[in-house]
Structures are given as C-alpha cells and as structure tokens.
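The numbers here are math on the coordinates, done by the rules we state, and not lab data. From a predicted model like this one, the values you see are computed outputs, not experimental measurements. Ideal geometry is used to build each Cβ from the backbone, glycine not excepted, and the neighbour counts take in all protein chains shown.
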Amino acid sequence: IDEDRRIVETEEDHEIVELAREELKELEEKYEVLKEELKLLLVPKDEADDKNAIVEIRAGTGGDEASLFAKDLFRMYTRYAEDKGWKIEMLNSHPTDIGGYKEVSFLVKGEGVYGRLKFESGVHRVQRIPVTESGGRIHTSTATVAVLPEIEEFEIDIDENEVKMEFYNASGPGGQNVNKVATAVRLTHIPTGIVVTCQDERSQFQNRVRAFSILRAKLYQMEKEKREREISLKRKSQIGTGERSEKIRTYNFPQNRVTDHRINLTLYSLDRILDGDLDPIIDKLLLTYMEERLNEKQGSAQTG
C-alpha cells in the first residue's frame, strides 16, 4: 500500500500511476476487510457456541394459522440444518389436525450449531392471508422460538428428588392415543416449576433420557438469562437477551419481506429464507453482536 501511494504521488508515467491507483484501491479495500475480521477474532466466543442446540417452536396467537406458521419455521430450520450438514433428532411434537404444530422440539447436532442458532430465540410474527380466509384479509399470527445449548450431565447436576416424573400414553393429532403403553414422560422440576414433556421416542426410557436433557438445557438457560439480565442493566444490547417475549422478526407474505427488528434488516426474499437461506440474517446478527462485544471490551479497557 505504501509503495503504491508513493508511485501515485511521485511517478510521472500516467499509465504506471493508473495501474498503481487501481491496485491501491483494491489493497485498501482488502485491508479494511482484514481489519474488521481481525477485530472480530479478538472478541471472545461464548462458552456454549460450539455445543449442539435444542430448538423449541410453539404456536402463539392466531389459532390454526399460528400452528401452520410453527410448521413453516420447523421446515425452515430443518432445511438450514441440512444445508449445513447438521443432523436433526426429534424430541417432542404435538401436531394439529390441519398439519401444523402446537409445539415441536428437536435437537440439532453439528459443529458450532448453538453459536449460529442462538439469536433465533424470541417471537416470530407472520402476516399473510390464511388458507381458510375467504375475504382475502391479511392475518397476523405468532410463534415463539427458544434455542438452548445441549448440556452434558456433568455440567448440571439435577437432584432427582426435586423432579416429579409422570408417565402417560403418547398422543397424536386431535389428542388420540398413539401407544397403548405409557411411554410418554412429563418432568416437573419442583424448585423452578419448569415442565418438560417428551413422547417422540418409542420407549419410556429413551423419552426419559431426552426429557432430562431438555430439563438440563432449560436450567442452564435460566441461569444464563439471570446473569445476562444483571449484565444488561449495565449495557444496552441491540440484539437483546433472546428472551421469549422479545419480538424479533416479521415474515410478510404479500410483500415477500422478512424484517429482523433488532438490527433493522429487511430482505425481500421471504421464499428463500423460509426454504432455509438464513445465513444473510444470521451473519449480520453475529457481526452486530461481535461489534457490540468489541466496543464493550474497548470501553472497559479505556475506563479500567
């Protein structure tokens, strides 16, 4: 860069000056990109970023339409996982008669899964004309997404005396019993009131193992959110804490538009996004998050 600048300033041959000017422009652009990448490398990763993730999707306001939207989100995340070469294992599902989900939870296994999916937690809103709407009116429905890191047994010790275990028959759409044997498991963690159900495995033992895995993740997340609330009193994060009540994104079908409200990002590619093309949103969220942490780190270094 310095050599090209010297040529531009001192060389008399116009052709050489023009070549140096073009090369200088390219090098300066590369330098800025590398500088930003280096900055981001200085930001410490979150301790759970490399873990697998448990994703829970629940239909919110909007009745049948909300359950269909929950199914759309499930498909979006499974397509995204497939593109990344990640593996998906179903944990629990409550399908509806019309082909949606009241709720669905699944484990995503792969490299750096939680680090990429963690900002999906929150309220997702859809605006579209439902199939059942004869008047052509746009309805607004919601679904809630929670993304939790998968926690190993040794990381969180659960006292089984503090857990109420119930076993019942698994049910399918409309509430009919799928199994005659009580294979489904419901855990209630008495100190916190957290309730976990698991019915998608064939055996009671497997459902119990899965349910405890989800319970560990929820207890970890509860402690993490508590710590983050304490920290957020000291700082204002654009991305937020990822709590369930936070409205994070709107999917507008008539305009083929997706807007992420945390970073004011609007993309007119709803069809591609719902088909699993989430990287343009996730990359921007990660960049914003890392820049916030970097600014915070630099600020504390200056005041320290």
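Computed packing ranks the peptides 150-161, 218-229 as 218-229, 150-161, most packed first, by mean other Cβ atoms within 10 Å.
Ranked by the mean number of other Cβ atoms within 10 Å per residue, highest first, peptides 205-214, 255-264 order as 205-214, 255-264. Assuming R0 = 22 Å, what is the FRET efficiency of residue 162 and residue 229, from their Cβ-Cβ distance, to the nearest 0.05? Efficiency computed from Cβ-Cβ geometry: 0.40. Using θ = phi - 60° in the Karplus curve 6.51 cos²θ - 1.76 cosθ + 1.60, the 3J(HN,Hα) couplings for the stretch 17-29 round to 4, 5, 4, 5, 5, 5, 5, 4, 4, 4, 5, 5, 5 Hz; x is entered for Gly and Pro. The listed peptides 70-82, 127-139, 265-277, ordered by packing as a protection proxy, come out as 70-82, 265-277, 127-139 (highest mean of other Cβ atoms within 10 Å first).
Close amide H contacts of residue 61 (hydrogens built in the peptide plane, cut-off under 5 Å, sequence separation of 5 or more or a different chain): 142. Length gained on full extension, residue 75 to residue 268, computed as 0.36 nm times the residue gap minus the Cα-Cα distance: 67.5 nm.
With kT/(6 pi eta Rh) evaluated at 25 °C and eta = 0.890 mPa s, and Rh the Kirkwood radius from Cα pairs, the stretch 1-138 diffuses with a coefficient of 126 µm²/s according to Stokes-Einstein.
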